[in-house]
Amino acid sequence: MRMKKIPVRMLAILLVCMTVLLSVCLELLSVPAMAAEEKAACYTVRIAHVEHGSIALKEDDNLQAGDQIHLQVTPQEGYHLESLIVATSEGTALAVTDTDGAAVTDGAYPDTMLFVMPEDDVTVTGAFVSENDAADTAGPDTVLPEEIFSMAGADTPLAATMNSAEHAISRAASSATLTKYENQFSCYHKDGSWDCTESYLMLGDQLAWCIEPSVNIGASGGTYGLNGDAAQWLMDKYGWSYKKTNNLTKAVYLAKSYYGDDWLCSYVLVQNLIWSEIKENESPANYGRYVLTDGARNTAHNCGHLNTKAKVDAAIADVWNRFYSYNKLPSFDGWTVYATAGQSYWLKDTNGVVNDTSFVGQTGVTVSKGWDGSNVGIWIGSNASMAGKSTTIHYYKNAIPNSSEPFLIYTRTGHQSVSTWTSAITPTYGAIRVVFTRTSYLRAHYKAREKVAPSLDIHITKADSDTGAALAGAEFAVSMDGKQVATVTTDADGKAAYHWRGNVLWTDYAEAYEPVLDYKNWSNAYNKAKQSVLASVNDKLKALKEGTTHTWKVEEVKAPKGYERNEEVWEQTFSLNTHAVEIDYADEPEKGFLTLKKASSDEAFSKENDCYNIKGAVYGVYQSVEDAVQDANRVETLTTKEDGSSNTVTLRRGTYYVKELTASDGYLLCNEQEENLPAGIHAATVKSLETTTVSCKEEPASNPFDLSLQKLDLGSHSAEAPGNAALSGAIFEIAYYENVNGATDGTPAKKWYYRTDETGTFSATDKEYLLTTYQMQDGRTLQSDDLYEHDGAIVFPIGTYTCKEISAPVHYQLSGIMYFTGQEETKTDVTTGLKLVIRQEKNGVAPQIYQGEVVGSGSILAENPKIEAYDETQYGSITIYKKSANEKQIPLSGVSFRLVGVDEGDEHIASTDADGKICWEGLIPQDYVITEIKTADGKNLLKDNITVTLPMELTVEEAQQRGADLSQAVWDEAAQKYCFYDLTFEIGNSAVLTMPMTGGNTESMYVLMIVGILAAVGGIALLARNRKKNHVN
């Protein structure tokens, strides 16, 4: 009995020890009791097949409700993810975010995305598109027959290659004898015209069809040899691809039994099906041929199945539709399904073809077909051993058998190639991939936090601002977060300090769980969880230190004796990463004051002139000449007001240097010279509690403005006046407006009047041309203002100027043009005049002369601009009346006279009209000689020439004495005379001037006539004596 009890006790002890050990392990692993029983429900994630990229799950994601699932997107080069849908089995869309938690928007998908696993299976679908054409997505819903040959099928892992099968068969096959059963069907060209009667063919014991309808098949009994490579033959003949021949093979299989027992109609359908795939560009000779069972030309097989082309086309289309149905794979084709090992998952097939599909090749899983009440589908079963593994489930469609025999092509020299179709088919294949995630039954757990002890030491140093000597007795208030916490006083070394120690702060806990699949790996999982927690705690500690801040403020509340309190407040915000800070304070002795007074150096220019303003000048204040020259280390700025005074600044006692930086409107920068200082720099000594004033006189900006003008003749464009006209005596007005924007409205501030000399010129800076006072004949008085002078030279202030002609020169009209020399585009009327603006490009610089309206426009003229002014000559006329010398004074016609200009040499010849009249018009002012060169029959030529001066000039007194009609005259301001430009003479034996008289003054008229006659007689006598022409005024 004892021998039996001892093992029982030992077993009990052993059980107790194991229980204790297991409890310790469970505590270390933080696994609650019955952990093995706590299996959370797992679900599947199905990822549909995508082209040009991949969408996958992170391998260690748990597919449990509430877990975050990682989607990893990898596009092929040149592609990007265009669309993504994550939905439950009921079609409810799930929210997708990036790794920062921000919602993902359509078309902007990151490489890694997250969603929360629901209590349901999840389907993920997406589409990658080309970067070059984002619109190039899925193809059409309906596949056309010609597109079938590019569809997938033979590129799946289980598909056999046709050529390898062909090579195997060609090595075993032998030649075959052709048997023709003639006159069976009717054959037509593509346009519907008759071609020939068609046979059905047998090669040995197998049906055969012709491949080249345009070539003669030959007679029965011919021997056909097997071509070595059927696919290559079709490639060489028609350019068909392997996919096309493979899919055509499937269609032939479906067509061979299309009409059931009526195998001849099925034969005809296959023949038409094969020929319909020959395109015109592949073989024009074979394109479009077709066969009918219409009994035409007494063919043997007459049937209503295929007796029209329309029925043939409909039957072919139906064959392809059957092919489409056969070629349709389950809706989950190409998917990647993420699942949890040990569980079964349902995949529904919305295409409804699972029952027509065989599943092969799966490893580690089971596949069974089923029905969920609305859709067919498959159940995928697995066990726990698949955790972390993946498998591929292959399948193929059952409707068409899988055979190793291809279609075979036979050829015979000089005759048509024929083919046989047995079971030469590569079925349609597909596959899905299942990825099983790892299952966490046990978890290693680690949890921790960290603390921080806040502290800050503030060290303050106080010193004299000039000497740097330490200052004792300065009191400082120290505040934290707006509340004063201490007052400290500097010692003999000028130092004070405050030490702050805050309460200990803790971070939040960090914890981590790591899955343990077996007990031998718990240590690694525990260390991994620990390292994760420690890294997280470090981040939390860093965030705690950086995120916990205090704002510190230090200000001097009491200055040492003899010093001003430094009003600067030191304020900074620090995190817990800062433990010490040093602050330097300096106090200054009591200060003095500095101001400036600016004045114009020439009040004549600037006083009450809007172009000049002493407000706004800016001066810099510096502690050294070098700084003043370079405008470096400026300590203060002075700006002038309306009266020229500036603001007052407070400065420490000492010597300062003042330099103008920006001149006010209309002034040059200060250039005054003080002893031993550069030009424009002023020295100023500031004393404590005293105000020092710097005086500055500045030069108003001006311009020499040596405007010169040349008077020219408009007709000749030269400086030579025609005839007895002259360019002298023209009067011009220069008007000045106190603005720099080209405005000339209102009354000018100044006017100056200039008169041209004998060369037709004047200069604005030469007083000899200036008319100080001038009385015009029309009663106007021209009064020139005083000219501005600077350093003995005539200058002109900045502003707007106009120059226009007031009075024309001798024998000219006040009509013409003027422009700046070399700038004919500035042309204007002489009475309107030209405009100039003297202005500064910017304040402080020498002004320039501009031709233009406003600041910033117009072109810069030369320093001394020149103007060319052209006037039009005053033209006149001479009219003569030729009459008989007797008292009847009968007008004589046909009498010729010659008119010659004495100065210009111009000659005019004319004959009198029926009234005895000749009129010469458009004559320039000069002396003219009139000679009678042909007279009337029976009359004598005038013995003497007639000399006429045009115009006839009369002084005011002469005009009054003669009673001249002044409405017929032009007052010439330059000549100071009345000028008559239209003269009339009556010629008998002598010439008599018809003087225009005012009404009622006949006595004067007769006196004038007598004077004229006496003058003519005297002239004749003088001519006889001197042989010179008679001169009549």
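None of the figures in this text is laboratory data; all of them are computed from the coordinates on show. Source: prediction; values computed, not measured. Neighbour counts run over all protein chains shown; Cβ positions are idealised from the backbone, glycine included.
Measuring nothing but how far apart in sequence close Cα pairs (under 8 Å, 6+ apart) lie, relative to its length, the stretch 452-610 scores a relative contact order of 30 percent. Annotation note: GluC sites (Glu not before Pro) in the stretch 587-640 located in DSSP loop regions with a Cβ neighbour count of at most 16 within 10 Å are 590, 608. The mean sequence separation of alpha-carbon pairs under 8 Å and at least six residues apart, normalised by the residue count of the stretch 926-968, gives a relative contact order of 38 percent. Measuring nothing but how far apart in sequence close Cα pairs (under 8 Å, 6+ apart) lie, relative to its length, the stretch 722-773 scores a relative contact order of 37 percent.
The alpha carbons of the stretch 592-698 occupy a box of 39, 27, 22 Å along the principal axes, longest dimension given first. Think of each Lys and Arg Cβ as +1 and each Asp and Glu Cβ as -1; about the Cα centre, that makes the dipole of the stretch 592-698 roughly 460 debye.
In order along the stretch 683-695, the phi-based Karplus estimate (6.51 cos²θ - 1.76 cosθ + 1.60, θ = phi - 60°) of 3J(HN,Hα) comes to 9, 9, 9, 9, 10, 4, 6, 10, 9, 9, 10, 9, 9 Hz; Gly and Pro are listed as x.
Under 18 Å from the 7 Å Cα→Cβ point of residue 635, by amide nitrogen: which residues of the stretch 679-714? Residues 681-695 fall inside that zone. The ranking of 758, 555 by Cβ neighbour count inside 10 Å, starting from the fewest, reads 758, 555.
Would you please put 247-256, 482-491 in order of how densely packed they are, using the mean number of other Cβ atoms within 10 angstrom per residue and starting with the highest?
On the way: 247-256: 22.1, 482-491: 13.4.
The most tightly packed comes first, giving 247-256, 482-491.
May I ask you to order 287-296, 729-738 by the average number of other C-beta atoms within 10 Å around their residues, highest value first? Display every interim value, and only then the final one.
Numbers: 287-296: 20.5, 729-738: 22.2.
For the peptides 287-296, 729-738, the packing ranking is 729-738, 287-296.
When ranked by the protection proxy of mean other Cβ atoms within 10 Å per residue, highest first, what sequence do the peptides 538-547, 94-103, 524-533 form?
So the peptides 538-547, 94-103, 524-533, ranked by packing, come out 524-533, 538-547, 94-103.
Taking a point 7 angstrom from the Cα of residue 574 along the C-beta vector, which residues in the stretch 478-499 have backbone N less than 17 Å away? Residues passing the 17 Å test: 478-488, 496-499.
Evaluate the charge dipole of the stretch 915-1001 about its Cα centre and quote only its size in Debye, nearest 20, assuming +1 on the Cβ of each Lys and Arg and -1 on the Cβ of each Asp and Glu.
Numbers: 6 positive and 14 negative charges, 61 e Å.
About 300 debye.
Here the simple spin-label model places points 7 Å from the Cα toward Cβ, and for residue 583 and residue 383 these points are separated by 7.7 nm.
A viscosity of 1.002 mPa s and a temperature of 20 °C, combined with the Kirkwood radius over C-alpha pairs in the Stokes-Einstein formula, give the stretch 702-873 a diffusion coefficient of 131 µm²/s.
Relative to one another, the C-alpha centroids of the stretch 553-589 and the stretch 196-227 are positioned 113 Å apart.
With a Förster radius of 22 Å applied to the C-beta separation of residue 551 and residue 503, the computed FRET efficiency comes to 0.80.
What's log10 of I(q)/I(0) for the stretch 199-339 at q = 0.11, 0.16, 0.18, 0.22 Å⁻¹, Debye sum over Cα points only, no solvent? Computed log10 I(q)/I(0) values: -0.49, -0.97, -1.20, -1.62.
If neighbour count is taken as other Cβ atoms inside 10 Å, put 113, 776 in order from fewest to most. Show your work: numbers first, answer last.
On the way: 113 20, 776 13.
Fewest to most other Cβ atoms nearby, the residues stand as 776, 113.
Separation of the stretch 288-328 and the stretch 530-551, taken as the distance between their Cα centroids, equals 81 angstrom. Each of 51, 805 was scored by other Cβ atoms within 10 Å of its Cβ. Listed from fewest to most, they are 51, 805. Say R0 is 30 Å: what FRET efficiency, to the nearest 0.05, do residue 759 and residue 958 get from their beta-carbon distance? For residue 759 and residue 958, the calculated efficiency is 0.50.
Taking 0.36 nm per intervening residue step and subtracting the Cα-Cα distance, what contour gain separates residue 466 from residue 914 on full extension? Intermediate values should be presented prior to the final figure.
Working: separation 448, 0.36 × 448 = 161.28 nm, distance 11.53 nm.
Extending this stretch completely gives an extra 149.8 nm.
Pairs to check: 751/827; 558/687; 641/866; 244/389; 591/659; 641/842. Give those whose C-alpha atoms are more than 28 Å from each other in this structure. Violating the 28 Å Cα-Cα cut-off are 641/866; 244/389.
How high is the FRET efficiency from residue 691 to residue 92, r the C-beta distance, R0 60 Å, rounded to 0.05? Efficiency for this residue pair is about 0.10.
Stretched out straight at 0.36 nm per residue, the stretch from residue 773 to residue 785 would grow longer than its current Cα-Cα span by 3.4 nm.
Over 30 Å between C-alpha atoms is what I'm after, so list which of 462/542; 553/597; 561/598; 180/256 land there.
Working: 462/542 35 Å; 553/597 42 Å; 561/598 39 Å; 180/256 19 Å.
Cα-Cα > 30 Å for 462/542; 553/597; 561/598; rest within.
What length, rounded to one decimal in nm, is gained on full extension from residue 877 through to residue 940, with 0.36 nm per residue of separation minus their alpha-carbon distance? Don't jump to the answer; show the numbers that get you there.
Values: separation 63, 0.36 × 63 = 22.68 nm, distance 2.65 nm.
This chain segment gains 20.0 nm when fully extended.
Derived scalar couplings between HN and Hα for the stretch 202-219 equal 10, 10, x, 9, 10, 5, 9, 10, 7, 9, 10, x, 8, 10, 5, 7, x, 8 Hz in order, rounded to whole Hz, by the Karplus curve 6.51 cos²θ - 1.76 cosθ + 1.60 (θ = phi - 60°), x for Gly and Pro.
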